[in-house]
Amino acid sequence: MRESLAPVVAQHRAALAAAAERLGVEATEVGLFAPWVIVGTVDGRAFSMRERWEAYEILLAPDDDPLLTPWGAPQGTKVILVASGTIDDLYIGAPDYDRALTSIVAAIRSFLRRRTCTHDLGGRYCPRCGTALIDPALR
């Protein structure tokens, strides 16, 4: 690493570590340049977020191997796509590690909650997990 980049890298690592500690997760940035990749674990499940050309995907480890990091997983591994979108979900302008990691963790926790929720069937949406209980196409 060039010496001129050391302060920036240290700042990025500190920001990501602070966000991870606040959220109760583990997270590490992979590499210094494109693609932007963050890997870690959320509630016992490994994840990776990859951003390139202003589009990102959040992938979760498969159910049968919850600690397998999706980034760099063997070809053919059935990882789970949790969310995808544009970089505006993660930051506007300069990388914002707190905003990015908060978005990543929220997407993963919502996904996991929806998979295990028994759903309160009293309304149009489950108040516990947000799943639509009535098909909007039927209205």
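The values are calculated or read from the model by the stated rules, or taken from the named source; none is laboratory data. Values in this document were obtained by computation on a predicted structure and should not be read as measured data. Because the Cβ atoms are built from the backbone with ideal geometry, glycine has one as well, and the counts that use them run over all protein chains shown. These accessible areas exclude ligands, DNA and RNA; they are computed on the full protein's heavy atoms, side chains included. Shrake-Rupley method; radii C 1.70, N 1.55, O 1.52, S 1.80 Å.
Within the range 1-100, report the GluC sites (Glu not before Pro) that DSSP leaves as loop and that have at most 15 other Cβ atoms within 10 Å. Display every interim value, and only then the final one.
Details: sites: Glu3, Glu21, Glu26, Glu29, Glu51, Glu54, Glu57; in loops: Glu54.
Answer by residue number: Glu54.
Hey, can you grab everything whose amide H is under 5 Å from the amide H of Asp65? Only 5+ residues off in sequence or another chain; H modelled, so Pro and N-termini drop out.
none
Using alpha carbons only, how many degrees (0 to 90, rounded to 10) separate the axis of helix 97-116 from the longest principal axis of the chain?
30
Explain nothing, just compute: Karplus ³J(HN,Hα) = 6.51 cos²θ - 1.76 cosθ + 1.60, θ = phi - 60°, for every residue of the range 79-93 in order, whole Hz, x for Gly and Pro.
7, 10, 7, 8, 7, 8, x, 9, 4, 4, 6, 9, 6, 10, x
Suppose every K and R has +1 on its Cβ and every D and E has -1 on its Cβ; what is the size of the dipole of the chain about the Cα centre, in Debye to the nearest 20? If you can, show how the numbers build up before the last one.
Values: 15 positive and 17 negative charges, 74 e Å.
Dipole of the chain, to the nearest 20 debye: 360 debye.
Once you order the gyration tensor axes a ≥ b ≥ c over the Cα atoms, which shape class does the range 85-139 get: rounded for a/c under 1.5, otherwise prolate or oblate by comparing a/b with b/c? Please report the intermediate quantities before stating the final value.
Working: a/c = 4.04, a/b = 2.08, b/c = 1.94.
Prolate shape, in that a/c is at least 1.5 and a/b is the bigger ratio.
If you average the C-alpha positions of the range 110-131 and of the range 17-66 separately, how far apart do those two centres end up, in angstrom?
Spelled out, the Cα-based centre of one part sits 24 Å from the other.
Just the number please: accessible area per residue for the range 70-139, 1.4 Å probe, all protein chains included, in Å².
Working: 4460 Å² over 70 residues.
Result: 64 Å² of accessible area for each residue.
Assuming a ≥ b ≥ c are the square roots of the Cα gyration tensor eigenvalues, decide whether the range 14-139 counts as rounded (a/c under 1.5), prolate (otherwise, with a/b larger than b/c) or oblate. Spell out each step's value before the answer.
Details: a/c = 1.80, a/b = 1.55, b/c = 1.16.
Here the range 14-139 falls in the prolate category.
Hey, could you grab the Kirkwood Rh for the range 1-84? Inverse mean 1/r over distinct alpha carbon pairs, Å, one decimal. Don't skip to the end; give the middle numbers.
Details: mean 1/r = 0.0730 Å⁻¹.
The Cα-based Kirkwood calculation yields 13.7 Å.
Considering the chain, which cysteines have no disulfide-compatible partner, defined as another cysteine with its Cβ under 4.7 Å away?
For the chain, the answer is Cys126, because their Cβ atoms have no other cysteine Cβ under 4.7 Å.
Roughly to the nearest percent, how much of the accessible area of the range 3-114 is carbon and sulfur, given a 1.4 Å probe?
That share works out to 55 percent.
Taking +1 at the Cβ of each Lys and Arg and -1 at the Cβ of each Asp and Glu, which of Ala20, Ala83, Val39 sits farthest along the dipole of the chain towards its positive end, judged by Cα position relative to the Cα centre?
Among Ala20, Ala83, Val39, the one farthest towards the positive end of the dipole of the chain is Ala83.
In degrees from 0 to 90, rounded to the nearest 10, what is the angle of the helix 6-23 Cα long axis to the longest principal axis of the chain?
Relative to the chain, helix 6-23 is tipped by roughly 30 degrees.
Would you compute the Debye intensity of the range 65-108 from its alpha-carbon atoms alone, equal scatterers and no solvent, and pass along log10 I(q)/I(0) at q = 0.16, 0.24, 0.27, 0.28 Å⁻¹ to two decimals?
Scattering profile of the range 65-108, log10 relative to I(0): -0.55, -0.91, -0.99, -1.01.
Please report the relative contact order for the chain, taking Cα pairs under 8 Å with a sequence separation of at least 6, and give it as a percent rounded to a whole number.
Details: 199 pairs, mean separation 21.3, N = 139.
Dividing the mean separation by the residue count of the chain yields 15 percent.
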